[in-house]
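Inspection log for the structure reproduced underneath, given as structure tokens.
The values are calculated or read from the model by the stated rules, or taken from the named source; none is laboratory data. Note that the structure is a prediction, hence the values are computed from the model and not measured. Here Cβ is always computed from backbone atoms with ideal geometry, including for glycine, and neighbour counts include all displayed protein chains.
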């Protein structure tokens with residue numbers, strides 16, 4: 001078992017390294033942008049899955065937390081990061097300096113978003129179902145309006161990640177996907193442990209969960225904080241790869257899109273959310289010609305899925321290669337016998 | 001002082017429009033426990049129907065009482081049909097699905113209507129025909145009430161009174177109240193629940209259509225995305241009054257209209273939209289059942 | 001010292017008293033019953049004892065400690081476990097996962113779950129092993145990986161008991177455990193309850209409105225009606241108490257008979 005996971009890990013690192021080296025050489029900038037956006041969408045979707053699909057707390061203001069992460073990290077980079085990066089670059093080779101610096105705005109964005117998540121979550125979690133959803137919607141909008149009124153991060157003009165003499169953009173696909181993989185792995189491991197069963201217990205039946213000693217309020221708050229942390233990381237990645245952010249990118253429509261990823265992929269399936277986020281982010285970009293119809297197709301598709309297959313693509317199961325591997329191994333052994 | 005009274009009059013006029021839309025939310029929530037996110041778009045369709053009907057029938061050039069009546073009826077009928085269709089196609093199949101499904105579907109329908117509206121009608125704003133001349137109708141010193149405001153108030157009052165009558169004094173209304181209290185029991189008593197739910201949507205959407213016309217009169221610039229904010233605000237009004245409560249929706253709408261106008265008048269108009277959200281959060285945190293709603297207990 | 005003690009406990013909802021001035025003691029190691037006609041306040045009493053509601057008046061003591069008004073999860077951690085009148089399993093989770101959740105309930109998801117060092121792995125294995133053992137002891141082993149809501153009705157009730165036992169309680173409260181069971185199943189349940197007391201060293205309190213089921217099983221019976229205690233004592237005494245018979249008005253007057 002250990003040898004297999006070591007092998008898998010090595011393969012993963014190799015793939016990321018290949019991506020880092022190969023992507024800028026093999027893909028044109030348009031596809032690079034799509035790949036970046038897919039990465040961001042994956043983290044956003046999985047983080048929403050954690051709080052909504054696993055813990056059953058329906059949050060429809062998720063883009064608000066992404067906004068906090070995006071703006072916080074951007075502000076850090078623009079006002080302080082330039083200096084730090086330059087200082088690091090004096091001492092270390094360029095690539096290493098950048099690699100050391102960029103986790104900082106990511107973590108800062110995540111941390112501030114987590115704080116926002118606590119501020120929203122702690123009062124809102126007294127509410128149930130529809131009311132919670134509406135409260136999160138309201139908070140998401142309030143966050144956006146507040147950011148819009150902060151001139152230091154651009155206000156209505158948007159915020160550009162530029163500082164004199166320093167490139168604050170981070171577009172290394174390999175590093176970006178390393179962050180994606182780590183984020184998804186962290187969330188998956190937390191959700192699929194015996195302690196993580198508490199999340200789903202809260203979703204299934206709060207009163208029963210309390211009766212067996214699960215501190216449901218604390219679990220919900222934790223889910224909210226974790227989910228907003230990673231939403232913030234996604235926002236920070238978005239900010240640093242796009243190089244320019246505006247609150248329009250974090251409106252309720254964005255929250256809705258992320259919710260579509262989660263619901264279509266299957267509430268409670270991390271792999272479902274990953275697949276849905278990837279496909280639904282890539283498709284409209286590649287079908288650019290359908291511009292105006294995009295949202296209509298989304299909405300129609302969503303309604304159709306909800307009516308015909310409300311459990312989404314994967315339901316609450318995960319893509320698991322193991323049964324396939326086992327079958328392949330058996331067939332292989334039989335053939336050799 | 002007179003300025004305050006003027007603001008109050010303005011606020012009540014707006015508030016009655018919010019109330020008409022809020023009624024649709026509250027009635028649907030009462031019978032289905034569903035937040036009909038698409039309701040704001042029904043209101044938009046009402047305004048748009050009014051616009052196109054007036055132009056098609058030649059009422060668009062000058063004030064006309066007949067024009068107003070025709071347009072009002074057309075909008076109410078169209079919206080009623082739209083609301084009933086949405087219920088039949090998008091919500092009824094999900095009657096027994098987990099609570100999140102109809103919520104998401106409702107959001108989907110809302111976005112569908114917004115974007116379809118933009119595609120089919122063009123995203124640029126249109127100007128609602130001046131069916132009621134903008135003239136001062138009443139004056140008390142510095143306090144002025146315009147023709148339009150009077151029309152809005154009168155129409156809203158008549159419609160709300162009509163609704164009260166239907167809900168409280170007719171058999172059908174009693175059936176609606178029964179379904180809102182306990183749909184299963186009502187079904188056992190022989191109430192045709194599906195039909196009553198359809199009727200609820202019909203009535204609520206018709207009111208929203210009327211609200212769309214009244215808004216067109218008061219604020220002639222209309223566009224396919226006009227339903228978003230007012231829809232959200234009317235929802236807040238319904239929650240404020242106690243979602244599921246008809247008098248609550250009326251009071252909530254009026255209150256919201258007044259508070260909003262006062263805030264815009266005395267503090268700052270940029271916060272006008274934010275006020276609704278602040279009220280929403282405050283209600284949800286301190287009194288989720290609203291002014292007239294009943295607190296819900298889960299039986300263990 | 002009684003394990004559980006209710007002192008003048010009252011529970012009010014709006015103007016209605018679900019429980020009125022209830023005095024009740026449960027001794028350690030007892031198998032006791034709380035009975036009464038529908039609406040007597042039995043489940044409400046359980047709800048007060050397990051922290052679902054705080055008592056409007058009066059005190060609740062468990063193992064000498066005041067627990068009135070404490071949150072449910074803290075009371076559960078102190079050693080009070082319960083099942084529910086309408087089965088409340090984690091339906092989308094497997095039978096095994098239902099039990100593991102209870103075993104792991106005290107622990108918050110954290111860094112160890114992410115890094116998964118060897119110590120974590122053996123701890124997880126141990127948890128699953130304990131869960132399997134519990135399922136085995138309750139005859140549910142073959143349903144371990146089945147979804148909880150796929151189990152047959154009787155097995156679902158046993159699973160709920162298994163989950164409650166997983167918290168390592170001192171006191172087990174069973175709310176209408178025999179509801180919906182046929183006589184053969186009720187006999188099996190009776191044996192199970194007796195076995196639970198012996199094997200797990202538990203104090204057990206049952207709610208049921210089937211007087212006959214309770215008679216053969218419990219040593220001490222408390223009868224509620226309209227929220228008030230109307231009788232208390234060993235089965236024979238309660239069975240022939242005229243107030244009890246009258247409370248079950250219309251119910252078979254020989255219900256208490258052998």
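Comparison of C:194, C:166, C:148, C:179 shows that the only residue that is in contact (Cβ under 8 Å) with a residue 60 or more places away in the chain and within 14 Å of another protein chain (Cβ to nearest Cβ) is C:166. Selection over the stretch B:119-165 of residues that are in a helix (DSSP H, G or I) and surrounded by 14 or more Cβ atoms within 10 Å (Cβ to Cβ) gives a count of 15. Counted as qualifying within the stretch A:28-133 are the helices (runs of 4 or more DSSP H) with 1 or more residues that are within 30 Å of residue B:238 (Cα to Cα), namely A:29-48, A:62-76, A:103-124.
Pairing residues of the stretch A:123-135 that are within 7 Å of chain B (Cβ to nearest Cβ) with residues that are assigned to a loop (DSSP other than H, G, I, E, B) and crowded, with 17+ Cβ neighbours inside 10 Å, at Cβ distances under 6 Å and at least 6 apart in sequence or on separate chains, gives A:130/B:35; A:131/B:288; A:133/A:58; A:133/A:60; A:135/A:127.
With B:226, B:250 as the choices, which residue is within 27 Å of residue B:128 (Cα to Cα), outside any helix (DSSP H, G or I), in contact with a helix residue (DSSP H, G or I) (Cβ under 7 Å, 6 or more places away or on another chain) and touching a residue at least 40 places away in the same chain (Cβ under 8 Å)?
B:226
Among the residues making up the stretch C:58-71, those that are more than 18 Å from residue C:25 (Cβ to Cβ) and crowded, with 16+ Cβ neighbours inside 10 Å are C:70, C:71.
Taken as a whole, the structure places residue A:202 among residues that are touching a residue at least 40 places away in the same chain (Cβ under 8 Å), within 11 Å of chain C (Cβ to nearest Cβ), crowded, with 24+ Cβ neighbours inside 10 Å and part of a helix (DSSP H, G or I). Listed by position, the strands (runs of 3 or more DSSP E) enclosed by the stretch C:1-98 that each have at least 1 residues that are in contact (Cβ under 8 Å) with a residue 40 or more places away in the chain and at positive phi are C:4-13, C:16-26, C:57-62.
Can you confirm whether the stretch C:235-242 contains a residue that is modelled with pLDDT of 90 or more and crowded, with 21+ Cβ neighbours inside 10 Å? So far as the stretch C:235-242 goes, no, none of its residues is modelled with pLDDT of 90 or more and crowded, with 21+ Cβ neighbours inside 10 Å. Would you confirm whether any residue within the stretch B:77-90 is within 9 Å of chain A (Cβ to nearest Cβ) and free of Cβ contacts under 8 Å to residues at least 60 places away in the same chain? Checking the stretch B:77-90: at least one residue is within 9 Å of chain A (Cβ to nearest Cβ) and free of Cβ contacts under 8 Å to residues at least 60 places away in the same chain.
Do you know which residues across the stretch C:113-125 are loosely packed, with under 12 Cβ neighbours inside 10 Å and facing chain A (nearest Cβ under 10 Å)?
Applying the first criterion (loosely packed, with under 12 Cβ neighbours inside 10 Å) to the stretch C:113-125 yields C:115, C:117-119, C:122, C:125.
Listed by number, the residues that qualify are C:115, C:118.
What about residue A:228, is it under 26 Å from residue A:36 (Cβ atoms) and either within 11 Å of another protein chain (Cβ to nearest Cβ) or modelled with pLDDT of 95 or more (or both)? The answer is yes for residue A:228. Checking every residue in the stretch B:36-59 against the condition of being out of contact with any helix residue (DSSP H, G or I) (no Cβ under 9 Å at 6 or more places or on another chain), touching a residue at least 12 places away in the same chain (Cβ under 8 Å) and within 30 Å of residue B:140 (Cβ to Cβ) gives zero matches. Among the residues making up the stretch A:262-274, a single one is within 14 Å of chain B (Cβ to nearest Cβ) and either touching a strand residue (DSSP E or B) at 6+ places or on another chain (Cβ under 8 Å) or modelled with pLDDT of 90 or more (or both): A:262.
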